[in-house]
1. Please count how many residues of the range 157-174 are among the acidic types (Asp, Glu), touching a residue at least 60 places away in the same chain (Cβ under 8 Å) and either open to solvent by less than 40 Å² (accessible area, probe 1.4 Å) or under 19 Å from Gly243 (Cα atoms) (or both).
2. Only one of Ala148, Ala204 is open to solvent by 50 Å² or more (accessible area, probe 1.4 Å) and not aromatic (Phe, Trp, Tyr); which?
3. So, of the residues in the range 133-145 that are within 25 Å of Leu6 (Cβ to Cβ) and in a helix (DSSP H, G or I), which turns out to be least open to solvent (accessible area, probe 1.4 Å)?
4. Residues in the range 263-294 that are under 17 Å from Glu240 (Cα atoms) and under 15 Å from the mean Cα position of the chain (by Cα): how many?
5. Conditions: (1) touching a residue at least 60 places away in the same chain (Cβ under 8 Å); (2) within 16 Å of the ligand (Cβ to nearest atom). Tyr112 meets all but one. Number of the miss?
6. Please find, among Arg118, Arg74, Arg107, the residue that is surrounded by 16 or more Cβ atoms within 10 Å (Cβ to Cβ) and not in a strand (DSSP E or B).
7. Looking at the range 80-103, which of its residues are under 19 Å from Gly122 (Cβ atoms), open to solvent by less than 60 Å² (accessible area, probe 1.4 Å) and either within 6 Å of the ligand (Cβ to nearest atom) or assigned to a loop (DSSP other than H, G, I, E, B) (or both)?
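The values are calculated or read from the model by the stated rules, or taken from the named source; none is laboratory data. Just so you know, these numbers come straight off a predicted model, no measurement behind them. Cβ placement follows ideal geometry from the backbone for every residue including glycine, while neighbour counts extend to all protein chains displayed. In case anyone asks, the SASA skips ligands and DNA or RNA and just uses the protein heavy atoms, side chains included. Shrake-Rupley method; radii C 1.70, N 1.55, O 1.52, S 1.80 Å.
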Amino acid sequence: MRAVKLVGTEAVEVQDAPAPRLESDTDAVVRITHTAICGADLLPYHGHTPGFELGTTLGHEFVGVVESAGDGVRSPAPGQRVVNTSMTSDGTCVHCRAGRTTQCASRALFGYSGVYPRLDGGQADLVRVPRADRCLWPVPDGVSNEDAVFVADILPTGMVAVEKCSLGLGELVTVLGCGPVGLMAVICASASGQRVIAVDGVPARRQLAESLGACAVDPNGAADAVSAATGGLGADAIVEASGSAAAMTSALGLVRPQGVVSVVGAHFEPDFPLNNATMFEKEITLTFAIGNPSRDRERLLRMIEDGVLRPSAVITDTLPLDDASAAYRAFDTREATKVVLTT
Ligand SMILES: [Zn+2]
């Protein structure tokens, strides 16, 4: 089978790899039809993830059809169209029992071997999925593959980012970073009646954010736009979706007193100069989250089916799996905003 492998810094190859087989009776093997590239895939791509195993098949966002399943898998069944959860969970550890599945003690992220327990990803023709009845969910007939692939990771991330803002109807949220995750937050905030200002340096990404209901500005214009929209008070909440220290600093400056800064950008820098005096004096709430597809996939799929959310609107490029190397380059250089690979 074909598999997209990380073979070096900024180097991916489509290689011939052995087809995965069931290794446990709770496994399933899925034949992939659609698989997306995520910003988190660019971290190992740039060598920013110590311990990442070269030769790993990449990809944690995929949709396909169940090819085979172990005797211990009640649902889904072979032949069913499914979407994965980006991270696995066991359902039995202290965190899973308490509903904190994103913190599962045995969690693995597909395509992130070495950083998490070894698990090949779904940028391939086939993928083995452990604990299949937790990590796979049937895609309803009314939902396209292009929309469903967002439910694996970034749509739940955009949703939780907005929900953690605890916004009142009509309040203003400012989204910093209009990559795919930021755009998912724009979609979720717009769908729930919030005013949205989106900030990004790339014109094409601002245009996309505008088409999804936001007022979009570049980083230099953010302070003025927020001030104008709030009579100088500051934004009711900020979604930080860029993952940079600069965006964090900007977020803490743009939020109003007693506002919320909701961080879903993937941060790996250990140190950040948090101004405690400002945090205290303005009574700011700072919160971090990882998307939880296990918890939120059913209502997200229903909202897509009902036409409330259409995440596929952010797909700029659909390419064959064989073009994965060019796809990574286009995504990395921001020529492409969201790339979906098809088999
Ligand atoms: Zn667990």
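1. Going through the range 157-174 one residue at a time, the tally reaches 0.
2. Matching residue, one of Ala148, Ala204: Ala204.
3. Only one residue tops the list, namely Cys135.
4. Residues meeting the conditions: 9.
5. Only one criterion in (1) touching a residue at least 60 places away in the same chain (Cβ under 8 Å); (2) within 16 Å of the ligand (Cβ to nearest atom) is unmet by Tyr112, namely (2).
6. After applying the criteria, what remains is Arg107.
7. Across the range 80-103, the qualifying residues are Thr85, Ser86, Thr88, Ser89.
Conditions (1) in contact with a helix residue (DSSP H, G or I) (Cβ under 8 Å, 6 or more places away or on another chain); (2) of a type in the set (Ser, Thr, Tyr); (3) over 18 Å from Leu341 (Cα atoms), marked per residue:
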| position | (1), (2), (3) |
| --- | --- |
| Thr88 | yes, yes, yes |
| Thr92 | no, yes, yes |
| Arg97 | no, no, yes |
| Ala108 | no, no, yes |
| Val127 | no, no, no |
| Pro138 | no, no, yes |
| Gly142 | yes, no, yes |
| Phe150 | yes, no, no |
